[in-house]
Amino acid sequence: MDMDKLVSLCKRRGFLFQSSEIYGGLNGFWDYGPLGVELKRNLKEAWWRDMVTGHDELSTPPGAPQAYEMVGLDCTIIMHPQVWKVSGHYDLFCDYMVDCRESKKRYRYDQVRGRWCEHDGKRAFITTMAEAGHEDEETLAAALKFFNLRSKKADELKWGEAYLPLPQVTELSQVLGPDAKTLGTLTEPREFNLMFPTTIGALAGEEGKAFLRPETAQGIFVNFKNVCDSTRVRVPFGIAQMGKSFRNEITPRNFTFRSREFEQMEIEFFCHPDSSREWYQYWRDRRMKWYTDLGLSSDRLQLREHHADELSHYSRGTADIEYAFPFLPPGEFGELEGIAHRGDFDLRSHMEGKLVAKDGKLEVELGADGKPRHRGSGKDLSYRDDVTNEKFVPHVIEPSAGADRGTLAFLCEAYTEDEAPDENGKMQSRVVMKFHPRLAPIKAAVFPLVKKDGLPEVAQEIYRGLKQQGLVAFYDEKGAVGRRYRRQDEAGTPYCITVDGQTLTDQTVTIRDRDTLEQTRVKVDDVVSEIQNRLR
Ligand code: ATP
């Protein structure tokens with residue numbers, strides 16, 4: 001699929017707009033338009049319903065060690081700054097960046113790639129930020145400019161074998177920055193914290209300093225005790241939260257895939273240490289199935305277990321659910337969700353203070369003065385089982401998903417070009433967004449074939465009937481009916497209901513199926529329940 005076509009459809013039909021577009025946009029920030037907001041809401045509602053409100057806590061789900069409870073939370077975006085010191089985000093949530101002294105641009109160190117190039121005894125490492133597959137055009141243009149050659153002479157350039165990431169190149173003085181004209185303008189890499197700082201109230205300096213949360217998870221950990229004390233949940237149980245997170249990504253890219261403001265849907269599942277491996281397996285499989293149930297094709301999805309050397313020091317296992325986004329080179333996948341076995345790291349940190357690994361064990365990190373570098377809350381966050389009377393710090397399995405990356409994957413998956421007959425029965429090409437009915441922004445559209453003979457009145461009645469059942473419906477009486485179908489195909493509306501001449505004689509209307517194009521006649525009185533049944 002051509003990503004440019006999807007991006008232009010998203011703008012044209014109101015799925016996604018660049019934030020603050022009339023002022024030139026803001027890199028890494030995106031707004032959801034009228035169709036996009038419904039799509040993303042449907043995705044979030046499907047997650048909340050399937051994971052929380054619709055979860056049956058009385059029976060054991062397939063693959064789970066036992067039945068369990070799920071509850072929700074909605075925590076603030078700005079939290080006590082100590083939370084981020086203890087969680088490790090303050091010290092460790094960094095990427096390396098390089099600045100270009102010439103273009104004044106900033107790049108993520110590991111994302112700058114390039115190739116060695118030689119001409120006339122002169123050698124330069126020509127870099128680019130182009131997406132994979134597009135590097136050749138950019139590096140060639142940059143090299144021709146740098147060596148002052150016309151494009152006819154491109155053959156005279158001698159290229160190094162492969163593209164290398166900048167961290168593999170030690171001679172920064174020979175590097176031509178992605179937007180530079182001269183060599184050696186990139187600075188040495190520097191650490192850059194991805195948390196957005198902000199200030200609380202009128203306090204100056206360190207005292208009022210706070211951060212926008214870079215993940216929703218910490219709100220759950222710090223409320224663990226509150227949830228246990230205020231509800232009757234018993235381990236094993238999960239707490240879910242969705243909401244905005246912020247990361248000052250150095251190079252946001254690939255449409256909404258890497259944004260600076262995005263929404264997460266996270267679960268922290270608390271269980272007994274002895275059964276945590278089984279719960280980890282359960283959640284990996286459960287979350288993978290959720291995406292395929294909603295229509296992501298299993299050929300484009302993969303569950304990738306991290307190698308031991310990729311794991312964070314506290315993690316006993318992490319798997320990513322990844323999707324073959326069309327903007328990635330063939331064979332490459334991008335993360336939709338991570339499922340991590342986090343042991344007791346988080347609850348212990350919030351009790352004792354920031355933990356570090358020492359000889360394979362977690363210990364409170366000490367400062368030069370021998371005191372904890374970042375103090376924990378000092379509160380007891382362990383759990384006592386009221387039946388066995390056992391006291392322990394629960395282990396945590398964390399399925400952490402991105403609502404925007406999910407929405408993007410479903411947009412990519414839905415985009416289809418095929419053919420459908422026009423009014424005269426002639427096949428015409430069409431663009432159709434094949435969303436799962438649960439995700440489709442509009443569930444049904446209602447058309448009177450013509451704007452007379454009482455057809456609009458019947459159509460409006462059906463439209464109101466759908467709305468009364470809480471279904472997002474759309475009424476359209478403008479233009480040729482074929483064009484109205486096309487517009488709904490692009491919006492991904494699963495069903496179109498048409499009121500025509502026959503309706504007046506036999507009280508039936510047609511329902512057209514977006515994917516099969518089949519048209520069936522249904523009684524006017526039954527059409528709302530028929531749509532409800534089909535959506536189910
Ligand atoms: P990446 O390696 O792609 O930066 P990550 O491993 O840092 O992601 P997590 O910290 O595990 O991501 O966050 C959980 C989920 O939140 C991700 O799987 C993704 O869906 C979403 N997410 C994280 N960062 C972003 C971002 N910058 N833009 C959009 N979604 C994001």
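With respect to Asp274, determine if the residue is modelled with pLDDT under 95 and in a helix (DSSP H, G or I). It is false that Asp274 is modelled with pLDDT under 95 and in a helix (DSSP H, G or I).
Being under 25 Å from the mean Cα position of the chain (by Cα), under 30 Å from Glu413 (Cβ atoms), touching a residue at least 24 places away in the same chain (Cβ under 8 Å) and outside any helix (DSSP H, G or I) is true for just one of Glu337, Glu322. Which residue is that?
Details: Glu322 fails: touching a residue at least 24 places away in the same chain (Cβ under 8 Å).
Of the residues listed, the single one that is under 25 Å from the mean Cα position of the chain (by Cα), under 30 Å from Glu413 (Cβ atoms), touching a residue at least 24 places away in the same chain (Cβ under 8 Å) and outside any helix (DSSP H, G or I) is Glu337.
Here the helices (runs of 4 or more DSSP H) wholly within the stretch 1-87 that include at least 1 residues being free of Cβ contacts under 8 Å to residues at least 40 places away in the same chain and farther than 20 Å from Glu263 by Cα are 3-12. Somewhere in the stretch 266-285, is a residue in contact with a Ser or Thr (Cβ under 8 Å, 6 or more places away or on another chain) and within 11 Å of the ligand (Cβ to nearest atom)? Yes, the stretch 266-285 contains a residue that is in contact with a Ser or Thr (Cβ under 8 Å, 6 or more places away or on another chain) and within 11 Å of the ligand (Cβ to nearest atom). Looking only at residues of the stretch 413-434 that are over 16 Å from Thr493 (Cα atoms) and in contact (Cβ under 8 Å) with a residue 60 or more places away in the chain, we find that the one that is surrounded by the most Cβ atoms within 10 Å (Cβ to Cβ) is Asp422.
Here is the figure for the stretch 304-325: residues that are of a type outside the set (D, E, K, R), under 21 Å from Thr407 (Cβ atoms) and either surrounded by fewer than 16 Cβ atoms within 10 Å (Cβ to Cβ) or within 11 Å of the ligand (Cβ to nearest atom) (or both) total 2. Scanning the stretch 197-204 for any residue that is touching a residue at least 40 places away in the same chain (Cβ under 8 Å), within 16 Å of the ligand (Cβ to nearest atom) and in a strand (DSSP E or B) turns up nothing. Tallying residues that are in contact with a Lys or Arg (Cβ under 8 Å, 6 or more places away or on another chain), farther than 30 Å from Ser87 by Cα and within 15 Å of the ligand (Cβ to nearest atom) within the stretch 376-422 yields 0. Tell me, yes or no, whether the stretch 140-153 has at least one residue that is among the polar types (S, T, N, Q) and free of Cβ contacts under 8 Å to residues at least 24 places away in the same chain. Within the stretch 140-153, one or more residues are among the polar types (S, T, N, Q) and free of Cβ contacts under 8 Å to residues at least 24 places away in the same chain.
Every listed requirement among (1) of a type outside the set (D, E, K, R); (2) at pLDDT below 95; (3) under 30 Å from Gly33 (Cβ atoms); (4) surrounded by fewer than 15 Cβ atoms within 10 Å (Cβ to Cβ) is met by Gln469 save one, (2). Among the residues of the stretch 327-369, those that are among the charged types (D, E, K, R), within 16 Å of the ligand (Cβ to nearest atom) and surrounded by fewer than 22 Cβ atoms within 10 Å (Cβ to Cβ) comprise Glu332, Glu335.
The values are calculated or read from the model by the stated rules, or taken from the named source; none is laboratory data. No experiment lies behind these values; they were computed from the predicted model shown. Using ideal geometry, Cβ is built from the backbone for each residue, glycine included, and neighbour counts are taken over all protein chains shown.
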